[in-house]
Structure formats: C-alpha cells, structure tokens
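Below: one structure, written as structure tokens.
Read the figures in this text as sums done on the coordinates, not as results from a lab. Note that the structure is a prediction, hence the values are computed from the model and not measured. In this analysis, Cβ positions are derived from the backbone assuming ideal geometry, glycine residues included, and neighbour counts consider all displayed protein chains.
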Amino acid sequence: VDIIEGGQAVAQRAALTVGRVTLALESDASVVDDAALAAFAASVELSAVEMYTASAARMTGPAVLLAQAFAVHHREHARTFNAFAGINQVTTANARLTAAIQNQLDASADQRSRLMLAFQLENQLASTHQSLLGKFTSPGAVRLGASILPVESEHAVILGTFLGLDLEKDLIPFTLQPTAGPPTHPEWGSLDPARYPVGG
Amino acid sequence: MRPDHSKIDPDQWAEALTGLRDGLGRLLGAPDGRPAEDRADLIVDNLSRRRFLGVGGLAVVSAAVLAACTTSKSKPPRGGTSPSTTDVETSTTIAVDPDVAILRLASSLEHAVIAVYQSASGLELVTNKKLVDATTYFSSQHADHAGLFQGLTSQRGGQPFTDPNQAILESLQPRLAALATQADVVELLYDVESVAAATYLSVVGTFTDNKLDAVTTSVAGIEGRHFAVLGLALSGLPKPTTGIAPRTGSLPFAASGFQTPDGAVPPGTGV
C-alpha cells in the first residue's frame, strides 16, 4: 500500500481509509516522521513570514514590495507543508527561530541590515529544505520541498542583488564535487529541528 | 565592481519596479485562494502522472519532441499553465535503468544549455560587462552540473550522455537564429534556465534511488538562482540594465511561490 501519496493521506492519518487507499498510518513511523518534519518546515516558514512582516514596517521603497511578496510566498509554503503535517500542523511560527530573528531585527540599524538578515534567512531556508529532502520518505513531501527550494533560492539572489553583493562570492558561490553529492555553501547551514523544535 | 546600493534614487527604483509591481499586484491581491490541501494534491498528482516511468524496474521512454520554448511567444508562464504546444510526444519503447535514463537526460540538457550560452556568447550581442561575466560563470556551472550527472550515470553502470541534447537545440534553433539584441539573449537564457529548473522538478520523486532527488533539487536551486539574476536584468531591478528596457513579463521569481514542472523537457527527449 502506498501510504505516502501526499498531503491528503498524511493530513488525515488518523483515518484508516483515504480515498481508495486503506492505510495503517498510526503504525508507520515514516509517515509520522514526515509529518513531524513537515510541521517543522511549516514552523520555520511562518518565522520567515513574521520576519518579513516586521521588516516591511521598517522598510522603504521597493524593498517593501519585495518583503510583502516574499511573505506571501512563505505563508503559502507553510500552508502547504501543514497539509503534510496532519495532526502535527502548526499555526504559529517557530518560537526559537523567531526570537533569534527578532533579536537581530531589534539590533538592525538600517534597511540594509534588515535586507541582509532576510538574505541570510532565505539561504538558510533553502539549505534547510535541501537537508529535509534527504529525510522525507514521502515522494509528495520530497516533491513539495523540491518545488520550494528554488523559489527561496531566487528570493536570496534578489535580496543579495539589492544589497549589491557579489555574484560569485555571495549569491551563487557553490562548488560542485561530482562524487561528493550536492553543492553546498559552508556559511549557509540548515536549520536543525533539534535546535529549533516545533513548539519549543 | 559592486553596485553602490546607497546611491540609487528610491524614485528611480520605484519606476523600475513597474513590472514587478504588476506581478506582485496579482500575487498580493489573490494568492490564488487555493486551499493548502488542494495545492498538495496538485503537487502529488503531477508526481503520480509521472509514475508511468517506472514499470517493473524498466523505463518506458518516449522519444519525444520538445516543443517547449520554441518561440518566446509560446513559452509557458512560470508558475502558470503550459501551452498545448508542449504536448508533442510518442514512439520508441526501450528498456533502461530508469535512474540512468533520467540522469542521461539531465546531462544532455546541461550540455544543451551550455551550447545555447556559447552560441549566444559567440554573437557578441551582450555588451554589459556584468552580464558577460554572469553568463560566463553560469555556463561554467552548467558544465559542473553536466559532469555531476555524467558521474552519477557512470556510478550506476550507465553510459554517460556527453553531448548537447539535439532535440532541445533543434527546438531552440529558431530563437537562436532570431537573436538580435542583448535583451533577446538574456530572455532566451532566462527561458532556458526556467525550463531546466522545471525539468528537474518534474523528475524529483521518480528516481528509484531517492538520494538523487536531493542532488537534482540542489541543481534546480542553482538554475533558480541563474533565473533570478537574468530576471532581474530583464525586469530592470534594482536599476535598469543598459540596453534592456524593463519588461513586465520576466519576473525574477516564480510568481506562484512554487517552482512548477511547467515547460519541462519530457522524459526521453533526445536521448
């Protein structure tokens, strides 16, 4: 039985039957893991929404539009991850991440520093989704993460360009080692669910 | 040389943002209103449709003809719906490792993208130094990607595909032949990067070795970054690019907030 067809199945994992598929969801650890990971992803996406909402109020010019647009994207990402999170779905942002972001926002002296914070967070979110791709077992969840990662990468590049950052050094600084797996950037660590627990 | 962000007049920015604002107006006004469950279904349904690839460990590969991005007028809107012109398909059935078939398509696509960059570069239409540097850099990254996919093909006992995908190049030939300005070149590269990212998303979830999902997505992320840089140049952000009139139809990000497989190169094309 393919119990991991996607959000609907996971979202209703208390039920035994989803559509034409009979599920034994409660006993399947992979589904539970996917649901928990999706909830984590939703929580950090909501933290990004909060960051942009707070930042937009302190921005001027085109940066306001960007902040508003990207906040909409992150809200949609959170909603969609929540569809996979089932009973674990979250309605509030990741508390520890939001607190860390808020500290930096409070310390930010100007628009540039707020854009830089957004640039860093977008890169970290992209890295986080990259990391989660290796942990999700559901093809639907993998596919969802894969549909979001490029967009958050685009956000980062746009913000970095507004900041006047260097293309090769800052925006797309990846090095590829064909035998070693996907490209990485040493400074853009992914967000660790253990460090930023849902509800923590 | 880095642009001096502090010296850009906010009013000038606002003017340059006309196109972006049009796109954002649609986004902010109606973020499609689709329930998250429906969006999840949409994503998963796309995956399910592609399940035909894996049949008993074999792949049924269509020798397809690429119609996507034949002309700039027929290009699929990113995050929107594909035009019917992408639906050309069919024929030979061959048995291959499904992962190898996808990896060969990926490296052939990367080589085709490199060929497009090289052809465009040879015309010397791009005069903006930053764009010249950027496209040269992007081309080198595509070479890295091709090498990555070729190495993965070899690891799985397959024969790496080391040539540009001729079906893709033939489909792009009319646009290559019509290039006349710097903006034409940037728009073509923008579309090609979009197709590459869409293609990688289209195969995620179909690999028998799910480690390849992460690898492929990481490459899609880089194509997305290329797409954003080229989209910024076309949109005139953060300030207009010399020689390119800011336009409304080339946003530097997926308007829907999600990468979609729209415009993807169909499985089996040209390999």
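Could you list which residues have their amide H under 5 Å from that of B:Thr248, counting only those 5 or more apart in sequence or on another chain, with H placed in the peptide plane?
none
Taking the mean number of other Cβ atoms within 10 Å as a proxy for protection, how do you rank A:102-108, B:251-257, A:114-120 from highest to lowest?
Details: A:102-108: 12.9, B:251-257: 25.1, A:114-120: 21.0.
Taking the mean over residues of other Cβ atoms within 10 Å, the ranking is B:251-257, A:114-120, A:102-108.
Name the shape class, rounded, prolate or oblate, that the alpha-carbon gyration tensor gives for the stretch B:106-168, where a ≥ b ≥ c are the square roots of its eigenvalues, rounded holds for a/c under 1.5, and otherwise prolate holds if a/b is larger than b/c and oblate otherwise.
Numbers: a/c = 4.92, a/b = 2.15, b/c = 2.29.
Oblate is the answer for the stretch B:106-168, as a/c is 1.5 or above yet b/c matches or exceeds a/b.
For the stretch A:82-154, rounded, prolate or oblate, judged on the Cα gyration tensor with a ≥ b ≥ c (square roots of eigenvalues), a/c < 1.5 rounded, else prolate if a/b > b/c?
Taking the square roots of the gyration eigenvalues as a ≥ b ≥ c, the stretch A:82-154 is oblate.
Summing Lys, Arg as +1 and Asp, Glu as -1, what charge do residues with Cβ under 11 Å from the Cβ of B:Val126 carry, B:Val126 excluded?
On the way: positive: B:Lys129, B:Lys130; negative: B:Glu124, B:Asp133, B:Asp184.
It works out to a net charge of -1.
From other protein chains only, count the Cβ atoms within 10 Å of every residue's Cβ in A:158-164, then give the mean. Spell out each step's value before the answer.
Numbers: counts 12, 1, 3, 9, 7, 4, 8.
Mean shielding by partner chains, rounded to a whole number: 6.
A:Val64 to B:Gln159: FRET efficiency via 1/(1 + (r/R0)^6), r the Cβ-Cβ distance, R0 56 Å, to the nearest 0.05?
On the way: r = 53 Å, r/R0 = 0.94.
Once the sixth-power term is evaluated, E becomes 0.60.
Provide B:Thr162, B:Thr206, B:Thr241 in ascending order of the number of other Cβ atoms located within 10 Å of each residue's Cβ, fewest first.
On the way: B:Thr162 13, B:Thr206 23, B:Thr241 20.
Final ranking by Cβ density, sparse to dense: B:Thr162, B:Thr241, B:Thr206.
Can you put B:His142, A:His74 in order of Cβ neighbours within 10 angstrom, beginning with the fewest? Working shown, then result.
On the way: B:His142 26, A:His74 29.
Ranked by crowding around the Cβ, least crowded first: B:His142, A:His74.
So what J values fall out for the stretch B:186-197 if you push phi through Karplus, 6.51 cos²θ - 1.76 cosθ + 1.60 with θ = phi - 60°, rounded to Hz, Gly and Pro as x?
5, 5, 5, 5, 4, 5, 5, 5, 5, 5, 4, 4
Taking θ = phi - 60°, what integer Hz values does the Karplus form 6.51 cos²θ - 1.76 cosθ + 1.60 yield along the stretch A:103-116, in sequence order, with x for Gly and Pro?
4, 6, 5, 4, 7, 6, 8, 8, 4, 4, 5, 6, 5, 5
Under the definition of partner shielding as Cβ atoms of other protein chains within 10 Å of a residue Cβ, what is the mean value for peptide B:201-207?
4
7 Å from Cα along Cα→Cβ at both A:Lys135 and B:Lys129: what's the point-to-point distance in nm?
According to this spin-label approximation, the distance is 4.5 nm.
Can you give the mean number of other chain Cβ atoms that lie within 10 Å of the Cβ atoms in peptide B:154-164? Walk me through the numbers on the way to the answer.
Values: counts 1, 2, 0, 0, 0, 0, 0, 0, 0, 0, 0.
Counting Cβ atoms of other protein chains within 10 Å of each residue's Cβ and averaging gives 0.
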